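Just so it is clear, none of the values below were taken in a lab; they were calculated from the coordinates. None of the values given here were measured: they were computed from a predicted structure. Virtual Cβ from ideal backbone geometry, glycine too; neighbours counted across all protein chains shown.
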Amino acid sequence: MRKLLPVLAALGALCLASVASALNHDNIVSPSAGEATFPLVAKGKAATLIVDADDFKGVHHAVDNFRADIERVTGLAPRISDNPLAGGWRVVIGTLGQSKMITHLIESKQLDASAIQGLWEGYMITRVGNDLVVVGSDMRGTIYGIYELSEQIGVSPWYWWADVPVKTSAELHVAATPGITDEGPGVQYRGIFINDEAPALTGWVYEKFGDFDHTFYTHVFELLLRLRANYIWPAMWQPRAFSADDPLNPQLAHEYGIVVGTTHHEPMMRYHDEWGREDRGPWDYTKNEAALQEFWRGGVARAKPYESIYSLGMRGDGDHAMSAETNTALLERIVADQRSILEGVLERPANQVPQLWALYKEVQDYYEAGMRVPDDVILLWCDDNWGNIRRLPTPDEMGRSGGAGVYYHFDYVGGPRNYKWLNVQPISKVWEQMHLAWQHQANRIWIVNVGDLKPMEFPIEFFLTMAWDPAGMTYEAMRDYTTKWATREFGAEHAAAITTLVDGYTKLNRHRTPEMMSPDIYSLTNYDEAERILTQWRDLVALAEEVNAALPESARAAFFQLVLYPVKASATVREVHIAAAKNKLYAEQGRALAANAAAAHAHAMFEQDAALAAEYHSLLDGKWNHMMAETNFGYTYWQTPPIEVMPAVAQTRPQSGAQPALAWDGSPFATGRWGVPPPTTSALDIYRANTSWVEVFNRGDTTFNFTVKPADTWLQVTPASGAVEAMQRLTVDVDWTQVPVDTTTTSFVVETDAGRNFTVTVPIVNPAELRPGEFDGHIETNGHIAIEAPHYSRAVGNGPIYWQVLEDYGRTLGAVAAYPVRAAHSTPGGEGARLEYDIFARSTGELNLELHFAPSLDYQSGDGLQFAVSIDDGEPQLLNLDTWKTLQTWEKAVGEGVTKVTTTVTINDPGVHTIKFWRVTPGVVLQRLILGNEASFRNKGQGVLPSYLGPPESPRGATE
């Protein structure tokens, strides 16, 4: 198949104010006339839509929808005619070789369609005389051209599925000279798998449609075509069977132009639930070959009139692995028999029938063990169900005539934990992995598991947009995508804020999916981690509420579905879990009133979660009732719990009277308990200009007063006095212009009127030998150095290899990866491609170097994903990412969204050094580096403290 790139002709000097913002092409539609524009709607009249009666039914369906779209935008419904002699302004719509009118325009030399002749799904929108012409190279090409105009006049593909308001306009004028020429997609089959559809989608479908019949699926088909998709695996959870349940389902899919397939464990266009509807015996080819062949033969016969892709092979009953005794010879025989059935029923050679073999889970092991299928069968490689592609074609495999594709996931039921409630897919991750797929010529099929469909609107459209034009979806285009999408849906005024919201909530959701959350994830005491996470979520909620208030009422239902609900609901989950964590810590420390307040907040947020779902279900008179019915609390293992359970919280009773106590950052301890060390805050250092804190709290039921008395005038503790009923946080800071050089500690006393006083030590880092601005590198503080990967000192390429910063990728600041991804492996050392990080180290000896990566997998046969590290000019250590070393390492990596590799390095002398990160294989995405051993009493608490994300980045000495 050709690698086909969309081509948009420039509009030249013609500048028009567009009606709407389109994602795929520059706007050619305006609310006002310009030089040589075509009046689609003008002066109270609409152009006639001309379509040949003999054109494909799918084209007629799309024309009917286009007519409705024009009416939605302008209030005027155009006339549809098949009369080629109809007068006036006309939009002539047709397919090459199918429309007599288009044939006449070509034969009379009025239309040159050679740019799309013979292409897969190409189209043109152009001007011929007084006519606007939409012509497709095939049926779907014509349909995509029609829906391109629908989007450009102001109808979002999500106008029905997410209630995005139509951009109304009294007039519509099209700059049709030279118009748009799109040579078709880069990926041949692009689609979605509706899966794990109970209880949310199922409840909604049963209420609104009665069943998963054609009245439901025609909405899905229309959406897919508006998104320029062409392929579907229909919903198949028991008791669903797309073709058996409603014969109009496959018939209308074919009419509309949607290619239907079956999932990775449903061979030969037969749905899993169908097998058990009759007593056919065991699902075992060694024992029941004849019944299985007859079953499959019936599936092929039923699908014969329609465009389908046939899944080959066989897994165990119910999407399980086959028995341990299964051998590749048996599976190869199964495939051979299935192909014989295809030839016999379809009456053509098997190599003329689209087929795929899904290398899902253990099936890939059969392939690696030597099992093969004929070259014309598409190899559908799969991710690990968590968005990390397991395997891609090798150079030898790229030569197969059937080519390859990818089955990807936005939703999953399985270990380490289901994720099916909300979108947890940053498009930066999707881009990085699917770019690998594109570069390795996995371009025949891209299909993504979208769960209930509804909550995944944004990543679905990105995935399908990238599938249409993988070459055009560069990293820079991906970075602009959210803003373009937000502009189309909600207008340019709010696009920047909505970009922050959508990119923000998906990034934070990928820290750890909502279903994977528990109260012990984020540290309450180290690095202020939990509070920093809460602040990020609360900032997003505040911004979302601000945007919502500024939007017109007509846009709020869509904004709630696409932005506000996922932001607020995701934030609410974190509020519940962190409040429960605070309750536990405070109860252990004896903060009675504070513990009870945290418990009350957890309960309130748990109720807010239910209230938000109820608000979703009440939208638009209940249009989307049931769609947020997924369980998002109470998971204890991979499967969905039967009911939602809030994390446990404790209720406490305060002591009698005023009972002052103190807690401090970097420690889980509090005063007043045996064996607790004296209060010592985390160090304040001149390089970070950071603050620390202590919390004065009450174990009793009577308010007390406190006063702070610093030992030095330059020590600033705020507030310096006050009353404490439950607790009060004090911020500890210094005036660095007054701190004497080489000062190592200071202190302050917290005096209370309840008879208890506390002395707090504050470590100070203000050395004479290295001052801010004297060194442009990361400086060790608190016994460690933490570096965000994009903050390198130098990025050294080699030949074609260059380094790309992936902004905002991963759990913290971003990431860095080497490109191009098809470049040959590198030998580390010498002038090889590398990242260099200059550091100033105070610790010496053998230190841990922990590197954080995207949890990528070994997608090529060989030695896996490799890299190397060295210090200064030392010998590089060759290391392997090895995300799937064991099931446990993989579960930890995907659960936390990061693979951590730790090695040891030696620094002999304090001072300036360079950490070098060497490129060895492509596909390695570096996020962070942390140098330093774990903190311990032995080294006076210096080092790396326990936390989920790791310590904040160490200061760079060039910053004054």
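Some points to look at:
- Average Cα contact separation per residue, the stretch 497-622, under 8 Å, 6 or more apart, as relative contact order %: 28
- Estimated FRET transfer efficiency (Thr903, Ser401; beta-carbon r; R0 51 Å; 0.05): 0.70
- Listed by chain and number, the lysines whose C-alpha is less than 20 Å from the C-alpha of Lys208, apart from same-chain residues fewer than 8 away, are Lys454, Lys623.
- Extending 7 Å from the Cα toward the beta-carbon at both Ser114 and Ser32 defines two label points whose distance is 3.9 nm.
- DSSP finds beta bridges in the chain, and of those with both partners inside it, around 70 percent are antiparallel.
- Simple label model, 7 Å out from Cα along Cβ direction - Lys304 to Ala496, nm: 6.2
- Stretch gain in nm, segment Ala600-Thr286, where the contour uses 0.36 nm per residue and the Cα spacing is subtracted: 107.0 nm
- Cα-Cα over 18 Å, subset of Lys420/Lys507; Lys507/Lys568; Lys420/Lys484: Lys420/Lys484
- If you take the Cα centroid of the stretch 779-834 and the Cα centroid of the stretch 73-95, the two points sit 56 Å apart.
- Furthest towards positive pole of dipole, Pro772, Ser721, Val869, structure part the chain, Cβ charges: Ser721
- For Lys709, the lysines whose Cα falls under 26 Å of its own Cα, not counting residues fewer than eight places away in the same chain, are Lys940.
- For peptides 450-456, 472-478, sequence by mean Cβ density within 10 Å, most packed first: 450-456, 472-478
- Equivalent ellipsoid semi-axes, the stretch 660-765, via Cα gyration tensor eigenvalues times 5, rooted, Å: 24, 15, 11
- The value of relative contact order for the chain, using C-alpha pairs under 8 Å at least six residues apart, is 9 percent.
- Top positive-direction residue, dipole computed over the stretch 783-846 with Cβ charges, set Ser793, Val816, Gly829: Gly829
- The stretch 366-404 residues near the modelled Asn351 label - backbone nitrogen below 13 Å, point 7 Å along Cα→Cβ: 374-377, 400-403
- Extension gain for Arg794 to Asp753 (0.36 nm times residue separation, less C-alpha to C-alpha distance): 9.1 nm.
- Spatially, the stretch 171-232 and the stretch 481-496 are offset by 21 Å when compared through their Cα centroids.
- Between Ser861 and Thr703, the distance separating the two model label sites (each 7 Å from Cα on the Cα→Cβ line) works out to 7.5 nm.
- Paramagnetic reach from Glu725 in the stretch 672-715 [backbone N under 18 Å; point 7 Å along Cα→Cβ]: 696-706
- The number of Lys pairs in the stretch 6-182 with C-alpha atoms less than 29 Å apart, excluding pairs fewer than 8 positions apart on the same chain, is 8.
- FRET efficiency, 1/(1 + (r/R0)^6) with R0 51 Å, evaluated for Ala549 and Glu934 via beta carbons: 0.60
- Normalising the Debye intensity of the stretch 189-473 to I(0), with uniform scatterers on Cα atoms only, and taking log10 at q = 0.07, 0.09, 0.16 Å⁻¹ returns -0.23, -0.39, -1.40.
- Put in order of Cβ neighbour count within 10 Å, fewest first, the listed residues Leu342, Leu847 become Leu847, Leu342.
- Taking the Cα atoms of the stretch 497-622, the ratio Rg/Rh between the radius of gyration and the Kirkwood radius comes to 1.02.
- Each of Arg372, Arg488 was scored by other Cβ atoms within 10 Å of its Cβ. Listed from fewest to most, they are Arg372, Arg488.
- Rounded FRET efficiency, nearest 0.05, which uses the C-beta distance separating Asp365 from Lys100 and R0 of 45 Å: 0.25
- For the pair Gln651 and Asp64, the difference between a 0.36 nm per residue extended length and the Cα-Cα distance amounts to 205.1 nm.
- The magnitude of the dipole of the chain, with charges of +1 and -1 set on the Cβ of Lys/Arg and Asp/Glu and taken from the Cα centre, is near 280 debye.
- Relative contact order of the stretch 320-397: 27 percent, from C-alpha pairs under 8 Å at least 6 residues apart in sequence.
- Size descriptors for the chain: radius of gyration and Dmax over Cα atoms are 31.3, 102 Å.
- Per residue of the chain, the DSSP helices (runs of n ≥ 4 H) give a summed -39500 (n - 2.57) that works out to -9000 deg cm²/dmol at 222 nm.
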